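The values are calculated or read from the model by the stated rules, or taken from the named source; none is laboratory data. Predicted, not measured: the structure shown is a model, and the values here were computed from it. Cβ sites come from the backbone with ideal geometry, for glycine too, and all protein chains shown count toward neighbours. Note: areas computed on protein heavy atoms with side chains; ligands, DNA, RNA excluded. Shrake-Rupley method; radii C 1.70, N 1.55, O 1.52, S 1.80 Å.
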Amino acid sequence: MTEAHALHAPCTMGDLLLRALARGGDAAAFVERRPDATRGDRTASYAETAARLSRLIQALEARGFARGDVIACLGANSLDSWLVIAAGWLMGIRTTNLHPMGSAEDHAFIIRDCGAKALVYDPARHADRGRAMIAQGVPALALGPSADAPDIVAEAAEREARPLVSAARAADPAWTVYTGGTTGKPKGVLHTHRSLVTMTLTELAEWEWPARIVFLACTPISHASGPCILPTLLRGGTVVLEDGFAPDRFFDTVRAHGVTATFLVPTMIYKLLDHAAAHPVGRTPLETVIYGGAPIAPARLTEALAAFGPVFMQLYGQSEAPNTISVLRKADHDPVRLPGRMTSCGQPVGDSRVALLDPEGREVAAGEIGEICVQGPLVMEEYLGRPDETAKAFAHGWLHTGDLARADADGFLHIVGRAKDMIITGGFNIYPAEVEDALTAHPAVAAAAVIGLPHATWGEAVTAVVVLRPGAQATAEELTALVRQAKGPVAAPKRVDFAESLPVTSLGKPDKKALRDAYAAAGLEATA
């Protein structure tokens with residue numbers, strides 16, 4: 001880089017990481033929870049983490065990996081898995097994380113689509129998937145002993161640690177995250193160091209972190225929890241890595257390690273609430289529970305505040321503008337003083353410009369519904385190899401999120417649903433989130449999903465799939481009446497079905513495409 005370019009060049013994720021590791025010294029950076037409690041948990045200091053990272057980088061370099069390459073990662077919530085991501089930041093390698101709950105078909109597609117030079121995988125957790133990808137001709141490295149691929153961790157352990165340096169540049173591609181694929185093949189969302197640094201610094205500036213951060217990563221670090229790790233390290237905190245989620249183990253881990261912060265998706269909060277209703281959980285050291293990834297039912301959020309206290313902070317973002325479009329802070333979670341805020345995803349944060357636009361790209365009037373659109377350094381570069389879809393997403397010079405919302409008088413955003421999920425019945429627009437909020441206000445309802453089914457008279461008919469709480473009862477008629485009273489007769493479901501659970505995507509979001517497909521496969525229609 002020339003002096004003229006270096007003068008105003010922004011930093012990279014690798015630069016931030018080097019700063020964090022240099023500050024930490026002998027303090028605990030990571031704790032790996034082991035499934036077998038008799039083996040004890042494993043702790044790595046900041047200095048030990050830096051040394052392991054140095055050795056891994058050398059092992060990757062020895063195998064020919066260099067700046068500009070692409071690595072696909074399929075790991076567990078382990079330090080070795082995270083070190084692959086960190087090595088990419090320093091080496092200028094673009095990483096593509098495969099979701100651990102993704103299908104073999106999607107994994108194979110993503111590996112091809114992103115142009116990965118190799119798959120790095122955890123053989124203890126994903127031996128079968130790694131073997132299947134190798135059988136398809138994918139070069140692979142294992143994060144541990146394996147009969148199928150070289151053990152890159154063992155190769156790294158044979159080397160001497162040396163000072164870490166960053167070879168990446170701010171404009172280098174750093175990460176490809178793939179969309180959930182509920183509307184077709186997953187799309188690769190390409191991010192450079194610029195957008196990831198913007199996300200990280202916004203998290204540090206705008207999120208309500210505890211003074212002493214002990215962060216529990218119990219959602220996959222390949223996706224939801226991963227972006228919370230570097231901010232924790234920059235604050236000198238400790239990351240507790242838990243491979244999987246179960247309510248009883250969650251509370252055990254929180255107490256055992258003095259966890260003060262975590263990230264959860266709404267379905268996990270619901271499971272904690274249901275667990276707490278049947279088991280004494282008492283007080284915990286949790287100070288901040290960050291949640292997001294899907295809409296949360298206001299009634300269940302109110303229940304969570306009563307059960308766990310004023311610890312909740314909501315984030316809103318998406319793969320194309322990760323994690324930090326808006327924030328609903330703890331003080332705004334007040335169902336008594338500020339009941340209207342319980343349906344909000346907060347106010348815009350950081351240096352992103354956020355507007356609600358109509359289909360022609362014009363900002364809607366106050367209180368009207370428009371699509372959330374974003375400009376700024378947080379926004380992705382492109383959909384990898386999909387120029388037409390990129391152009392569509394960037395219409396009128398904005399990133400179009402696909403989320404419809406209205407803004408209240410104080411600038412708080414209230415999402416009413418995805419544009420593609422909006423139901424048009426008898427010429428009226430119905431927003432599923434508003435119907436779902438009305439349904440979940442019933443004390444017997446644990447969760448609800450609302451979709452539109454084809455209807456000969458109405459075009460589409462509002463259809464609700466409802467999950468009841470254990471031991472609770474409700475009829476379709478009383479739930480329909482509840483919605484009619486809250487939202488009017490047009491929004492009242494023409495059909496209400498009950499289910500034991502709702503289908504979710506690999507990211508924990510309600511999968512409405514799966515619901516629509518199931519109705520279509522069964523030949524079911526709305527009945528009124």
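Could you grab the relative contact order for the range 1-129? Cα pairs under 8 Å, six or more apart, rounded to a whole percent.
It comes to 23 percent, rounded to a whole number.
Could you tell me what percent of the accessible area of the chain is made up of carbon and sulfur, with a 1.4 Å probe and every protein chain present?
Ligands and nucleic acids excluded, carbon and sulfur reach 54 percent.
Hey, what did the range 261-399 get for relative contact order, percent, Cα under 8 Å, at least 6 apart?
Across the range 261-399, relative contact order equals 16 percent.
222 nm [θ] for the chain, helices only, -39500 (n - 2.57) per DSSP H run of 4+, per residue, to 500?
-9500 deg cm²/dmol
A124 to Q375: extension gain in nm, 0.36 nm per residue of separation minus the Cα-Cα distance?
Details: separation 251, 0.36 × 251 = 90.36 nm, distance 4.17 nm.
Using 0.36 nm per residue and subtracting the Cα-Cα distance, I get 86.2 nm.
Ignoring the sites themselves, what is the longest stretch of the chain with no trypsin sites (Lys or Arg not before Pro) in a DSSP loop and at most 10 other beta-carbon atoms within 10 Å?
On the way: sites that count: R283, R337.
In short, 1-282.
Percent antiparallel among DSSP beta bridges with both residues in the chain, to the nearest 5?
For the chain, the DSSP antiparallel bridge percentage is about 60.
Subtract the Cα-Cα distance of R337 and R283 from 0.36 nm times their separation in residues, and report this length gain in nm to one decimal.
That pair, R337 and R283, stretches by 17.0 nm at full extension.
Quick one: accessible area per residue over the range 126-183, 1.4 Å probe, rounded to a whole number of Å²? Walk me through the numbers before you get to the answer.
Numbers: 2950 Å² over 58 residues.
Using a 1.4 Å probe on heavy atoms only, each residue of the range 126-183 averages 51 Å².
Rounded, prolate or oblate: which fits the range 410-528 when a ≥ b ≥ c are the square roots of the eigenvalues of the alpha-carbon gyration tensor, with rounded for a/c under 1.5 and prolate only if a/b beats b/c? Write out the running numbers ahead of the final one.
Values: a/c = 1.12, a/b = 1.04, b/c = 1.07.
Rounded, since a/c falls under 1.5.
Given a Förster distance of 22 Å, report the FRET efficiency between A419 and K185 from their Cβ-Cβ distance, rounded to the nearest 0.05. Display every interim value, and only then the final one.
Values: r = 20 Å, r/R0 = 0.90.
Given R0 = 22 Å and the Cβ-Cβ separation, E is 0.65.
Counting pairs of alpha carbon atoms under 8 Å apart in space and at least six apart in sequence, what relative contact order in percent does the range 96-207 give? Mind showing how you got there, number by number?
Values: 110 pairs, mean separation 22.5, N = 112.
Across the range 96-207, relative contact order equals 20 percent.
Write down the accessible area per residue of the range 398-528 in Å², having rolled a 1.4 Å probe over the full set of protein chains.
46 Å²
May I ask you to derive the FRET efficiency for K271 and H8 from their Cβ-Cβ distance with R0 = 56 Å, giving the value to the nearest 0.05? Don't skip to the answer; put the middle values down first.
Values: r = 48 Å, r/R0 = 0.85.
After rounding, the FRET efficiency stands at 0.70.
Based on DSSP loop calls and a cut-off of at most 14 other Cβ atoms within 10 Å, the longest stretch of the chain free of exposed GluC sites (Glu not before Pro) is what?
The segment 161-359 is the longest one with no such site.
Shape of the range 83-194 from its Cα gyration tensor (a ≥ b ≥ c, root eigenvalues): rounded if a/c is under 1.5, otherwise prolate when a/b > b/c, or oblate? Could you put the intermediate results ahead of the total?
Working: a/c = 2.45, a/b = 1.09, b/c = 2.23.
The shape class here is oblate.
Using C-alpha positions alone, give me the convex hull volume of the range 246-348 per residue in cubic angstrom.
Output value, Cα hull per residue: 99 Å³.
So I have [x] 32.2, 97; [y] 23.4, 73; [z] 31.0, 128, and one of them is Rg and Dmax of the Cα atoms in Å calculated from this model. Which one is it?
Label of the calculated value: [y].
For the range 255-349, what is the accessible area per residue in Å², given a 1.4 Å probe and the full set of protein chains?
Normalised by residue count, the accessible surface of the range 255-349 is 36 Å².
Taking K and R as +1 and D and E as -1, what net charge do the other residues with C-beta under 11 Å from the C-beta of E303 add up to?
+1
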